[in-house]
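The values are calculated or read from the model by the stated rules, or taken from the named source; none is laboratory data. As the structure is a computational prediction, the values presented were derived from the model and not from experiment. With ideal geometry, Cβ positions are generated from the backbone for all residues, glycine too; neighbour counts draw on all protein chains shown. Accessible surface is based on the protein model in full, side chains and every heavy atom, while ligands, DNA and RNA are left aside. Shrake-Rupley method; radii C 1.70, N 1.55, O 1.52, S 1.80 Å.
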Amino acid sequence: ETGVTQSPTHLIKTRGQQVTLRCSSQSGHNTVSWYQQALGQGPQFIFQYYREEENGRGNFPPRFSGLQFPNYSSELNVNALELDDSALYLCASSLRTSGNTDTQYFGPGTRLTVL
Amino acid sequence: AQKVTQAQTEISVVEKEDVTLDCVYETRDTTYYLFWYKQPPSGELVFLIRRNSFDEQNEISGRYSWNFQKSTSSFNFTITASQVVDSAVYFCALSEATGGSYIPTFGRGTSLIVHP
């Protein structure tokens, strides 16, 4: 096990609602990244947080937002849910030091279904 | 822009067969990292290996081996004497230094099915 935990495991929402997903990073890690994985696809990068600030963002609209807390845990918020937001949301933690970022270790994911 | 291609969508083998998963990448950077991850049905991505662009040595770890060739931009993964527990989706990923954040781009994955 990687030590990265995510909650909830599964979630069902309806179109237009808002959702918050949570992630606790591995002990000693200071960077959290979020990915969306649609069925049959590879993970797509949403954004990354390093020391509580967004540090890189993929091609996702502003209704996808996040937070990182002082203990390096993180939240992913999605507003105005759309059917296409149905996917597995993966959180990955890593240790970033000056000039380098270590390997990302993934949590088990949250399966979001939007009806 | 970085790109990873895993041309094999699904591979089906019988237990104890050797199997090679292909990965071809594109990047303009001279410094980058390549990864392989395994995703069993439970959904969690399990890290298998990381290789940096300056180290072309092949690596063997138990039944797993990796063949990194910069000349062909490939980073292939071989499982020797496959087992049913190897059944999973395998992802190859590439990360370049983007402001130091090394955000990986994943391929679409290869689903490996090992039959008893």
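With the structure loaded, tell me whether A:THR113 is facing chain B (nearest Cβ under 10 Å) and hydroxyl-bearing (Ser, Thr, Tyr) or whether it fails that test.
Working: facing chain B (nearest Cβ under 10 Å): no; hydroxyl-bearing (Ser, Thr, Tyr): yes.
The answer is no for A:THR113.
Residue count for segment B:85-116, restricted to those that are in a strand (DSSP E or B), open to solvent by 10 Å² or more (accessible area, probe 1.4 Å), more than 14 Å from B:GLN39 (Cβ to Cβ) and modelled with pLDDT of 90 or more: 2.
Count of segment B:30-62 residues, restricted to those that are touching a strand residue (DSSP E or B) at 6+ places or on another chain (Cβ under 7 Å), over 26 Å from A:VAL4 (Cβ atoms) and open to solvent by 60 Å² or more (accessible area, probe 1.4 Å), is 2. Cβ separations smaller than 9 Å between residues 6+ apart or across chains give the following pairs from segment B:27-42 residues that are within 17 Å of B:GLN6 (Cβ to Cβ) to residues that are among the small types (Gly, Ala, Ser) and loosely packed, with under 12 Cβ neighbours inside 10 Å: B:THR27/B:ALA1.
Between A:GLN17, A:GLN26, the distinction of being outside any strand (DSSP E or B) and open to solvent by 60 Å² or more (accessible area, probe 1.4 Å) belongs to A:GLN17 only.
Just so you know, in segment A:80-115 the residues that are open to solvent by 40 Å² or more (accessible area, probe 1.4 Å), farther than 23 Å from A:LEU39 by Cβ and not in a strand (DSSP E or B) include one that is modelled with the highest pLDDT, and it is A:LEU95.
Can you confirm whether A:SER25 is under 24 Å from B:VAL89 (Cα atoms), hydroxyl-bearing (Ser, Thr, Tyr) and at pLDDT 90 or above? Quick ask: steps written out before the conclusion?
On the way: under 24 Å from B:VAL89 (Cα atoms): yes; hydroxyl-bearing (Ser, Thr, Tyr): yes; at pLDDT 90 or above: yes.
Answer is yes for this residue.
For segment B:13-23, enumerate the residues that are open to solvent by 40 Å² or more (accessible area, probe 1.4 Å) and within 21 Å of B:VAL85 (Cβ to Cβ).
Residues of segment B:13-23 that are open to solvent by 40 Å² or more (accessible area, probe 1.4 Å), as a first pass: B:14-18, B:20, B:22.
If the condition is that a residue be open to solvent by 40 Å² or more (accessible area, probe 1.4 Å) and within 21 Å of B:VAL85 (Cβ to Cβ), then B:VAL14, B:GLU15, B:LYS16, B:GLU17, B:ASP18, B:THR20 are the ones that fit.
Just checking, how many residues over segment B:34-59 are more than 9 Å from chain A (Cβ to nearest Cβ) and either closer than 16 Å to A:ALA92 by Cα or of a type outside the set (Phe, Trp, Tyr) (or both)? The total comes to 15. Of the residues making up segment B:5-33, just one is within 14 Å of chain A (Cβ to nearest Cβ) and touching a Pro at 6+ places or on another chain (Cβ under 9 Å), namely B:TYR33. Restricting segment A:34-79 to residues that are among the basic types (Lys, Arg) and within 14 Å of chain B (Cβ to nearest Cβ) leaves a set whose member that is surrounded by the fewest Cβ atoms within 10 Å (Cβ to Cβ) is A:ARG51. Against the criterion of being surrounded by 11 or more Cβ atoms within 10 Å (Cβ to Cβ), under 29 Å from A:LEU88 (Cβ atoms) and in contact with a His (Cβ under 8 Å, 6 or more places away or on another chain), B:GLU26 does not qualify.
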